[in-house]
Amino acid sequence: MIMKRFKKTVILGLVVIFCSLLFSNCATELGTVVLNSEYVYPNSNVKPLGRTSGEWKKTTFLIPPALTKQAADEVINNALSKHESADVILDYDYVVTLITYPFWFYTLKLNIVGTAADMEVGKQNIGGGK
Amino acid sequence: MKKICILFAAAILFSNCSQTFYLGKSPQAHFTYPNANVEPVGQVTGIYKKTKLFGPPPVTPTVQRTAWNDALSKSNGGNVLINVDTYYKLSIFLIFQTLTYRVEGTAAKQDVGLQNIGGGK
């Protein structure tokens, strides 16, 4: 009877450990503030359109996902797509998160939050100074 | 046995390992004056390559400037580089380590003038 109860407790303990391993994760976050996603021409009119955000996410097994140009472009395009005629994201928070799950699963997340703006490039009169 | 050893040594000798890292996008590589007109002149690529024994060649401002200048030299009158994607590649062959620093972006022509700012105090 005691042996049976002991066996049950051990199995329950193992299940708890396995579940905590399965659902626990470790996230490393790194971020910075970026002024502009694209070059802003001095000979342009820049008009803010409102707040926007973008996200990109990839999960891999064994080897953590690498930050690629495609990923960096996708997160910006995702944020730009939320405002019609937006060309550039200004003053945005850029956060990179790497989440490590048990059993060698990794998720890399890119998040941006900033101001979408429309940029109309023209020509300024720079011959008029003293 | 001797043949296998020679084959193994040759495989190690002629194999190499290289990895490319994307370092990100910069809106501009050079300062552009607010009192300027900037006009894009085309897409360009610039490369800096250096091999060193034992350790990887370091990335210094000289490396960056050489790659940017290489890109600009391929443009039609461009003097600034904008929307620049940067890649770092390290190739290892025995004791030789080669750094390839590559930039891709838009070459632009900056024409600096004077704005009329005489209206303020």
Exercise. Of all residues in the range B:64-97, which are among the β-branched types (V, I, T) and touching a residue at least 60 places away in the same chain (Cβ under 8 Å)?
Worked result: B:T86, B:I92
For this session: Any chance you could count how many residues in the range B:52-78 are modelled with pLDDT under 95, not in a helix (DSSP H, G or I) and not hydrophobic (A, V, I, L, M, F, W, C)?
Result: 8
Exercise. For the range B:79-110, how many residues are under 26 Å from A:V34 (Cβ atoms) and assigned to a loop (DSSP other than H, G, I, E, B)?
Worked result: 1
Exercise. Only one residue in A:L67, A:L98 is under 18 Å from B:Y22 (Cβ atoms), in a strand (DSSP E or B) and open to solvent by less than 70 Å² (accessible area, probe 1.4 Å). Which one?
Worked result: A:L98
For this session: Out of the residues in the range B:41-76 that are within 19 Å of B:K89 (Cβ to Cβ) and of a type in the set (A, V, I, L, M), state the one that is surrounded by the fewest Cβ atoms within 10 Å (Cβ to Cβ).
Result: B:L53
For this session: Quick one: count up the residues across the range A:77-95 that are outside any strand (DSSP E or B) and touching an Asp or Glu at 6+ places or on another chain (Cβ under 7 Å).
Result: 4
For this session: Scan (1) closer than 25 Å to A:P65 by Cα; (2) in contact with a helix residue (DSSP H, G or I) (Cβ under 8 Å, 6 or more places away or on another chain); (3) modelled with pLDDT under 95 for the single condition B:H30 breaks and write down its number.
Result: (1)
Exercise. In the range A:96-119, what count of residues is obtained for those that are over 15 Å from A:T60 (Cβ atoms) and away from chain B (no Cβ under 14 Å)?
Worked result: 5
Seminar exercise, completed: Within the range A:101-130, the count of residues that are assigned to a strand (DSSP E or B) and either surrounded by 14 or more Cβ atoms within 10 Å (Cβ to Cβ) or aliphatic (A, V, I, L, M) (or both) comes to 17
For this session: Would you point out which residue out of A:S53, A:S81 is within 23 Å of A:E38 (Cα to Cα) and under 15 Å from the mean Cα position of the chain (by Cα)?
Result: A:S53
For this session: Could you please let me know if B:K50 is away from chain A (no Cβ under 12 Å) and basic (K, R)?
Result: yes
Exercise. Within the range B:24-32, is even one residue in a strand (DSSP E or B) and more than 14 Å from every other protein chain (Cβ to nearest Cβ)?
Worked result: no
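Results for (1) surrounded by 12 or more Cβ atoms within 10 Å (Cβ to Cβ); (2) within 14 Å of chain B (Cβ to nearest Cβ); (3) aliphatic (A, V, I, L, M); (4) under 15 Å from A:I112 (Cα atoms), shown as yes or no for each residue.
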position	(1), (2), (3), (4)
A:K4	no, no, no, no
A:I11	no, no, yes, no
A:E38	yes, yes, no, yes
A:K58	yes, yes, no, no
A:H83	yes, no, no, yes
A:D91	yes, yes, no, yes
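Please go through the range B:87-120 and pick out each residue that is among the hydrophobic types (A, V, I, L, M, F, W, C) and within 9 Å of chain A (Cβ to nearest Cβ).
Across the range B:87-120, the qualifying residues are B:A108, B:V112, B:L114, B:I117.
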Problem set entry | Single residue of B:V103, B:V38 found to be touching a residue at least 60 places away in the same chain (Cβ under 8 Å), surrounded by 18 or more Cβ atoms within 10 Å (Cβ to Cβ) and farther than 30 Å from B:N116 by Cα | B:V103
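The values are calculated or read from the model by the stated rules, or taken from the named source; none is laboratory data. Nothing here was measured: the structure is a model prediction, and the numbers come from that model. Cβ coordinates were reconstructed from backbone atoms using ideal geometry, including for glycine residues, and neighbour counts include every protein chain displayed. In case anyone asks, the SASA skips ligands and DNA or RNA and just uses the protein heavy atoms, side chains included. Shrake-Rupley method; radii C 1.70, N 1.55, O 1.52, S 1.80 Å.
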